[in-house]
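To keep things clear, I will list the structure first and then write my remarks on it.
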Amino acid sequence: MVQSLVEFLILVAAKRVGKHNLTSGLADDTPSQKVNSLIFVLPGYLWHVRAIHVPVLITRQCSFILSGESIPSQCSRELMRRDLVTMATDDQWFSARQVAEGVHLVRERFYHSGNQANIWVVQGTEQDVVVDTGLGIQNLRGFLEEQELIGNKPTLAVATHVHFDHSGGLYQFPEVAIHKNEVEALENGNNYETVTFVSDSEIVPPPTRKWKASNYRVRATKVTRVLEEGDVINLGDRRLQVLHVPGHSRGSIVLHDQVNRQLFSGDTVYMGSLIDWLPYSCVSDYVQSCRRLQTLAPDIDTVFPGHFETFSGQLLENMLTDYINSAGVFHRATAGVIGVLSGVVLRGRNTNNIPAKCCFYGCCCHCCV
């Protein structure tokens, strides 16, 4: 019964959207770590569904609509109702792998979204730095200590910017750093500025059976180190220089390791469409920040971005040039319109603004819920 129901949903969805690579039966032993996986089922359980060519949309990356809800929501609900999907525990939630000497990449395996942020652990002889901290749904700090990636030295958690997918886990660390322009938002738990937006269909399986995405918030967190342009974070055998690059957000930074020719770029640049239409985004600032990074690109061998995969300094230069060339009048106007709409959605979800809430919860299309 379960298998036939899920199969029916998948087949209907496949006919509607096409371009799918679907598998059924018992799940294999390879956990899905791709941002475009629709649903993850633990080894030995029914159904391992994977989709390719999933479009990355503004408000929802997994947004194949079926009867008003996404495919992940429909399928996972039935699987969970039949107790075929277990909850995600701390040790399952994260994955970690070394990508360079002293640099590890950590990801939240059950956050199936283009918003799944990269968490970078940079190890030094005197201090370790965690660059961005994910959602904060599970115990990141405990996982890193268990894996012996941190714990023997002081650890500083640095957010490249205040958005929820990067700052959500900061509260778990005693030492926290963020740019001065976003200190107030983080310390006040301003979920409008953190652009908090998570859907149930993106968290599969959820951390607990009663967990609801609608209740998720970035916690107010005390900042112990306020970052400014030109600051240097000393790890002992390596140094990370802070560069303020507003555009994506007003407090966006990148961290430059000059000796190792590495750049931790946050959401300022990554292999995907750059977002310049959120609250406190600014296209003009973004262009200026890209021009500044263009001068730095020849001195960069590897970019560790806030999302998706690492890339070279040459590709960095090309991507920056592409954005600058695209940021004309039409692009700015479009970003402005989308910015207004996204602002209403985010105010409706994360503030007590009554008109915005009426629009958000009364919207007939439900494409952003």
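Would you mind computing the Rg to Rh ratio of segment 102-216 from its alpha-carbon coordinates, Kirkwood style for Rh? It would help to have the intermediate numbers written out before the result.
Working: Rg = 14.0 Å, Rh = 14.6 Å.
Expressed as Rg/Rh, it is 0.96.
Report ³J(HN,Hα) in whole Hz for each residue of segment 100-111, in order, from the Karplus equation J = 6.51 cos²θ - 1.76 cosθ + 1.60 where θ = phi - 60°; Gly and Pro get x.
7, 4, x, 10, 10, 9, 10, 9, 8, 5, 9, 9
When the Karplus curve 6.51 cos²θ - 1.76 cosθ + 1.60 is applied with θ = phi - 60°, which whole-Hz ³J(HN,Hα) does each residue of segment 195-207 get, with x for Gly and Pro?
Result, ordered by residue: 6, 4, 7, 10, 10, 4, 6, 8, 10, 9, x, x, x Hz.
Ranking L315, L243, L255 by Cβ neighbours within 10 Å, fewest first, what do you get? Intermediate values should be presented prior to the final figure.
Values: L315 15, L243 20, L255 25.
With the sparsest Cβ surroundings first, the list reads L315, L243, L255.
I need the Kirkwood Rh of segment 228-312: take the reciprocal of the average 1/r across all distinct C-alpha pairs and report it in angstrom.
Values: mean 1/r = 0.0766 Å⁻¹.
Taking every pair of different Cα atoms in segment 228-312, averaging 1/r and inverting gives 13.1 Å.
Using Cα pairs closer than 8 Å and at least 6 residues apart in sequence, work out the relative contact order for segment 217-286, in percent.
Details: 111 pairs, mean separation 18.0, N = 70.
Over segment 217-286, the number comes to 26 percent.
Return the ratio Rg/(2.2 N^0.38 Å) for segment 90-326, where Rg is computed over Cα atoms only.
Normalised by 2.2 N^0.38 Å, the Cα Rg of segment 90-326 equals 0.94.
Where a number appears in this text, it was derived from the coordinates with a stated rule and is not lab data. Only a predicted model underlies this, so the values are computations on that prediction, with no experimental measurement involved. Don't worry about glycine lacking a Cβ; one is built from the backbone with ideal geometry, like all the others, and counts go over all protein chains shown.
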